[in-house]
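Participant: Quick one: the structure is below, and I'll ask about it shortly.
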Amino acid sequence: MTKIIFPILLLLNFEAFAQDAIYTPLLQKYVQNGKVNYKELCKNPDLPKYISFLETSDPESITNDKDRLAFWINAYNAYTLKIICDHYPVKSINDLHSGGLALGSVFKTTIWDKDIVVINHKNTSLNNIEHKIIRPEFKDFRIHFALVCAAKSCPALRSEAYEGSQLDQQLDDQAKLFLSDNSKNRFDVVTRKASISKIFDWYQKDFGNNKNELLLAISKYLPDQIRKNIESAPDKWEADYINYDWSLNE
């Protein structure tokens, strides 16, 4: 039994060390209000150090679901930072897709489709992490407020690593922050109109089967006046989607 538990504990301790000693200080230093100082971040050797940790880590050895989800969110965001740094300066992550965003999405040649992520010595892609692991395995729509694709319309990049012991509070904070940003989401209780992020269009099924269920799902993270109005009559609310700003979150 000791032989089995020891490497798991070792990984968890190393993961905590990597987050607390490397990744969180890195984010605190170069991320302010969700915006990233890529010019300086990309010079810092601690990002490659954290990437090296991810390359050799086995997330399947993490038995706690919240710890494992935190690992995958951190991995997705850290590799996104690495991708931008590998090509910096760049105006948008869309500039890195083969064939552009539209054709790249059709033919699976976006930067998110490329197997340039290494976890546990195995190549994978950002899309695989998001759509094959995080979304189906954990089924928590709040991840859409935490995964950051390096664009201005994405949720704000948090200035600390995600940790299993704090994950619920961190994800709730991210939800409230994202929904309170008027450049990304607006709610008018007089006209009962919600102008919301395209994220809710792309991933509506993660929030509910229709517009009403989506609005009810996110209403718990809105101010009480808006929440109560939506809860009282979600069918009377209209929703449209705000154009996505893909320029770099710099």
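The values are calculated or read from the model by the stated rules, or taken from the named source; none is laboratory data. The shown structure was predicted, so the numbers you read here are calculated from the model rather than taken from an experiment. Here the Cβ is made from the backbone with ideal geometry for all residues, glycine too, and neighbour counts use every protein chain on show.
Participant: Answer with yes or no whether residue 152 is out of contact with any Cys (no Cβ under 6 Å at 6 or more places or on another chain), assigned by TED's automatic domain parsing to the domain that holds residue 231 and among the basic types (Lys, Arg).
Facilitator: No.
Results for (1) outside any loop (DSSP other than H, G, I, E, B); (2) surrounded by fewer than 21 Cβ atoms within 10 Å (Cβ to Cβ), shown as yes or no for each residue.
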site	(1), (2)
98	no, yes
113	no, yes
118	yes, yes
143	yes, no
179	yes, no
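Participant: Going through segment 145-169 one residue at a time, which ones are more than 12 Å from the chain's Cα centre (by Cα) and outside any loop (DSSP other than H, G, I, E, B)?
Facilitator: 164, 165, 166, 167, 168, 169
Participant: It is to be established whether one or more residues within segment 165-175 are surrounded by fewer than 20 Cβ atoms within 10 Å (Cβ to Cβ), more than 16 Å from residue 147 (Cα to Cα), modelled with pLDDT of 95 or more and not assigned by TED's automatic domain parsing to the domain that holds residue 136.
Facilitator: Taking every residue of segment 165-175 in turn, none turns out to be surrounded by fewer than 20 Cβ atoms within 10 Å (Cβ to Cβ), more than 16 Å from residue 147 (Cα to Cα), modelled with pLDDT of 95 or more and not assigned by TED's automatic domain parsing to the domain that holds residue 136.
Residues are listed down the side, and each one gets a yes or a no for (1) at pLDDT 95 or above; (2) outside the structural domain of residue 156 (by TED's automatic domain parsing); (3) more than 18 Å from residue 155 (Cα to Cα):
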residue: 12; (1), (2), (3): no, no, yes
residue: 21; (1), (2), (3): no, no, yes
residue: 38; (1), (2), (3): yes, no, no
residue: 64; (1), (2), (3): yes, no, yes
residue: 92; (1), (2), (3): yes, no, no
residue: 104; (1), (2), (3): no, no, yes
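Participant: For the condition among the acidic types (Asp, Glu) and crowded, with 19+ Cβ neighbours inside 10 Å, what is the one hit in 137, 160, 130?
Facilitator: After ruling out the rest, the residue left standing is 130.
Participant: Shifting gears a bit: Would you pick out the residues in segment 28-48 that are in contact with a Phe, Trp or Tyr (Cβ under 9 Å, 6 or more places away or on another chain) and in a helix (DSSP H, G or I)?
Facilitator: 30, 38, 39, 40, 41, 46, 47
Participant: Can you tell me how many residues in segment 218-241 are closer than 23 Å to residue 131 by Cβ and buried (at least 18 other Cβ atoms within 10 Å of the Cβ)?
Facilitator: 1
Participant: So which residues in segment 195-234 are part of a loop (DSSP other than H, G, I, E, B) and either of a type in the set (Ser, Thr, Tyr) or within 17 Å of the chain's Cα centre (by Cα) (or both)?
Facilitator: 198, 203, 221
Participant: So if I check each of 92, 57, 61, which one is surrounded by 15 or more Cβ atoms within 10 Å (Cβ to Cβ), under 21 Å from residue 164 (Cα atoms) and touching a residue at least 60 places away in the same chain (Cβ under 8 Å)?
Facilitator: Sole residue among the options that is surrounded by 15 or more Cβ atoms within 10 Å (Cβ to Cβ), under 21 Å from residue 164 (Cα atoms) and touching a residue at least 60 places away in the same chain (Cβ under 8 Å): 57.
Participant: How about segment 103-112: which of its residues are out of contact with any Ser or Thr (no Cβ under 9 Å at 6 or more places or on another chain) and farther than 22 Å from residue 148 by Cβ?
Facilitator: 106
Participant: Now, a different point. Take the conditions charged (D, E, K, R), surrounded by fewer than 15 Cβ atoms within 10 Å (Cβ to Cβ) and outside the structural domain of residue 134 (by TED's automatic domain parsing) and apply them to residue 250. Does it pass?
Facilitator: no
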